[in-house]
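Notes to accompany the following structure.
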Amino acid sequence: MTAELSDGVIFLRPLHPGDAADHLAGEDEEMAKWLSGGRSTLATVQSYINSCEEQWRIQGPRRAFGICYSLTKQLIGSIEANFGLPLAAGQVNISFGVFPDWRGKGILQRVLDLMSSYLKSATGARQMVVRISVGNHASLKAINKAGFQFVGVFGELEGAMARYVRDI
């Protein structure tokens with residue numbers, strides 16, 4: 001696993017089983033709809049976190065981090081880099097979720113900057129790719145503010161997805 005990544009306001013660290021209840025409590029309808037594919041349960045969150053730990057252990061294609069507020073150590077979301085999706089060489093898919101009370105506070109920009117730093121130092125990735133459902137207006141707006149460039153809309157298994165890229 002990697003060491004904690006921090007900018008002094010937030011930090012990223014690998015998710016662990018103790019995060020399950022907080023992760024579930026932070027999920028709202030938006031996260032359930034756009035990120036989880038439906039409401040989670042404690043069992044499904046625990047299963048996801050166990051899978052994330054296994055990915056770290058075997059150096060698999062996914063790197064999932066909890067997003068934490070530095071002052072309180074509180075879990076405020078999660079972000080994942082996935083090298084297992086069919087993208088161009090040097091690209092990595094990024095997915096994220098920030099809990100409702102922390103949205104609109106510049107957290108996503110900080111999180112993406114930390115993820116970019118991690119990817120630059122620990123992997124061969126050269127570009128982050130974010131795929132967002134064309135109906136997810138809040139995330140589309142947020143990713144534009146975070147310095148990503150619009151590539152196009154692609155028909156994917158999940159439906160019509162807007163694709164954005166940002167160099168690492």
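The values are calculated or read from the model by the stated rules, or taken from the named source; none is laboratory data. Keep in mind that this is a model prediction, so the values were computed, not measured. With ideal geometry, Cβ positions are generated from the backbone for all residues, glycine too; neighbour counts draw on all protein chains shown. These accessible areas exclude ligands, DNA and RNA; they are computed on the full protein's heavy atoms, side chains included. Shrake-Rupley method; radii C 1.70, N 1.55, O 1.52, S 1.80 Å.
Computed about the Cα centre, the dipole magnitude for the stretch 1-97 is approximately 240 debye when only Lys and Arg (+1) and Asp and Glu (-1) carry charge, each at its Cβ. Could you tell me the accessible area of D22 in Å² (1.4 Å probe, neighbours in place), rounded to the nearest ten? Taking all protein chains as shown, D22 has close to 90 Å².
Candidate cross-link partners of K33 among the lysines, defined by an alpha-carbon separation under 20 Å and a same-chain spacing of 8 or more, comprise K141. For the set Y48, Y118, solvent exposure ranked by accessible area (probe 1.4 Å, protein chains only) runs largest to smallest as Y48, Y118. When the Cα centres of the stretch 97-168 and the stretch 59-80 are compared, how far apart do they sit, in Å? Taking the Cα centre of each part, the stretch 97-168 and the stretch 59-80 sit 15 Å apart. Cα-based radius of gyration for the stretch 1-100, normalised by 2.2 N^0.38 Å, reads 1.06. Per-residue ellipticity at 222 nm, computed for the chain from helices alone with -39500 (n - 2.57) per DSSP H run of at least four residues, works out to -9000 deg cm²/dmol.
Treating each Cα of the chain as one equal point scatterer and applying the Debye formula with no solvent, the log10 of I(q)/I(0) at q = 0.10, 0.13 Å⁻¹ comes out as -0.34, -0.59.
Taken over the C-alpha atoms, the stretch 118-168 has Rg and Dmax values of 11.8, 34 angstrom.
Sorted largest first by accessible area at a 1.4 angstrom probe radius, with every protein chain in place, the residues D19, D101 fall in the order D101, D19. Placing unit charges on the Cβ atoms only, positive for Lys and Arg and negative for Asp and Glu, gives the chain a dipole magnitude near 440 debye about its Cα centre. Computed with every protein chain present, the accessible area of T44 is close to 70 Å² [probe 1.4 Å].
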